[in-house]
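So the structure is just underneath, and the comments pick up after that.
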Amino acid sequence: MTAKDRARLAAERLKALYPAVSELDHANPFQMLIATILSAQTTDRSVNAVTPKLFARYPDAAALAHADPREVEAMIKPTGFYHVKAKTIIGASAALVERFHGEVPPRIEDLVTLPGVGRKTANVVLGVAFGIPGFAVDTHVKRLTRRLGLTKSTDPVKIEAEVTRMLPPEEWTGFSLRLILHGRRICIARTPRCPECVLNDFCPSSTVRAKGGRRPLTATAASVRLAHGRATSRKRPRRPGPRH
């Protein structure tokens with residue numbers, strides 16, 4: 001099976017398991033941008049715990065651009081690195097006001113010019129807030145794409161370029177978001193739960209991969225069912241082996 005086959009089959013399998021959504025609570029592109037910046041080095045749960053109060057006090061870029069940094073720091077402290085993050089989200093808001101009329105631009109070339117916004121954050125905002133195809137490479141995506149044999153690179157830009165060549169643009173955002181969810185729930189960093197993984201019959205890194213008991217699957221031939229929230233691969237008829 002080629003890397004492209006694995007990418008397409010993984011995208012198909014994961015689509016049956018997870019919605020193409022971010023776990024960051026947001027109501028508009030501005031909130032998505034700020035929440036994504038705050039999510040660095042912390043959990044989405046921590047971000048979702050502080051953003052309701054933050055956005056109630058600063059509902060748009062103009063309000064946050066003129067915020068008292070100490071007040072912002074106090075609100076976002078549970079997310080960690082709050083001194084830097086407060087400076088960054090205030091700076092990003094000021095840049096939105098000064099250069100984009102207070103609106104989040106729907107172009108990656110513009111987004112990456114904002115303080116605290118790299119390609120990962122820009123692709124998340126494009127895909128989730130605007131529905132524009134983007135493949136965000138975070139730590140989970142980096143880990144899973146290597147384990148699946150889709151890339152050998154550790155460079156997020158190279159990973160993005162290689163994986164997006166394997167899939168049509170309409171799959172980029174969903175595949176990235178689903179890899180993130182799968183990385184949090186099943187393909188975790190230290191002890192991946194391979195026996196529970198719906199990709200374990202073709203993943204090169206699986207610890208429970210069949211040793212010749214099944215032929216390689218293709219994206220069009222494979223299918224996935226959900227039962228009580230857990231995925232199972234549809235059983236294929238066993239081929240009779242040679243008798244001795």
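Tabulated results
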item: Unit charges on C-beta of K, R, D, E only; dipole of region 1-57, Debye; result: 100 debye
item: Peptides 25-31, 173-179, 129-135 ordered by average Cβ neighbours within 10 Å, highest first; result: 173-179, 129-135, 25-31
item: Environment charge at Val72 (Cβ cut-off 15 Å; Lys +1, Arg +1, Asp -1, Glu -1); result: +2
item: Whole-percent pair-distance distribution, where bins are 5 Å wide, for the alpha carbons of the chain; result: 1, 6, 13, 17, 16, 14, 10, 8, 6, 4, 2, 1, 1, 0, 0, 0, 0
item: Computed [θ] at 222 nm, deg cm²/dmol, the chain (DSSP H ≥ 4; -39,500 (n - 2.57); rounded to nearest 500); result: -14000 deg cm²/dmol
item: Size of electric dipole in region 77-154: Cβ of Lys, Arg +1 and of Asp, Glu -1, about Cα centre, debye, nearest 20; result: 560 debye
item: Sulfur and carbon atoms: percent of accessible area, the chain [1.4 Å]; result: 53 percent
item: Shape category assigned to region 52-99 from the gyration tensor of Cα positions, a/c cut at 1.5; result: oblate
item: Value of relative contact order over the chain, rounded to a whole percent, pairs C-alpha under 8 Å and six or more apart; result: 24 percent
item: Order by protection proxy (mean Cβ within 10 Å, highest first), peptides 80-93, 104-117, 184-197; result: 80-93, 104-117, 184-197
item: Farthest toward positive dipole pole in the chain [+1 Lys/Arg, -1 Asp/Glu at C-beta], among Trp172, Thr88, Leu24; result: Trp172
item: Gyration tensor (alpha-carbon) shape descriptor, region 134-209, a/c threshold 1.5; result: prolate
item: Cα-based shape type of region 3-54, given that a ≥ b ≥ c are square roots of the gyration tensor eigenvalues and the cut on a/c is 1.5; result: prolate
item: When each of Lys4/Lys152; Lys53/Lys77; Lys87/Lys142; Lys4/Lys142; Lys53/Lys85 is checked by Cα-Cα distance, pairs over 20 Å; result: Lys87/Lys142
item: Karplus-derived HN-Hα couplings along region 73-81 (A = 6.51, B = -1.76, C = 1.60, θ = phi - 60°), whole Hz, x at Gly and Pro; result: 4, 5, 6, 9, 3, x, 7, x, 6
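The values are calculated or read from the model by the stated rules, or taken from the named source; none is laboratory data. These numbers were taken from a predicted model, which means no experiment stands behind them. FYI the Cβ positions are ideal-geometry reconstructions off the backbone, even for glycines, and counts take in every protein chain you see. For the accessible areas, the whole protein counts, side chains as well, though only heavy atoms, and no ligand, DNA or RNA atoms are used. Shrake-Rupley method; radii C 1.70, N 1.55, O 1.52, S 1.80 Å.
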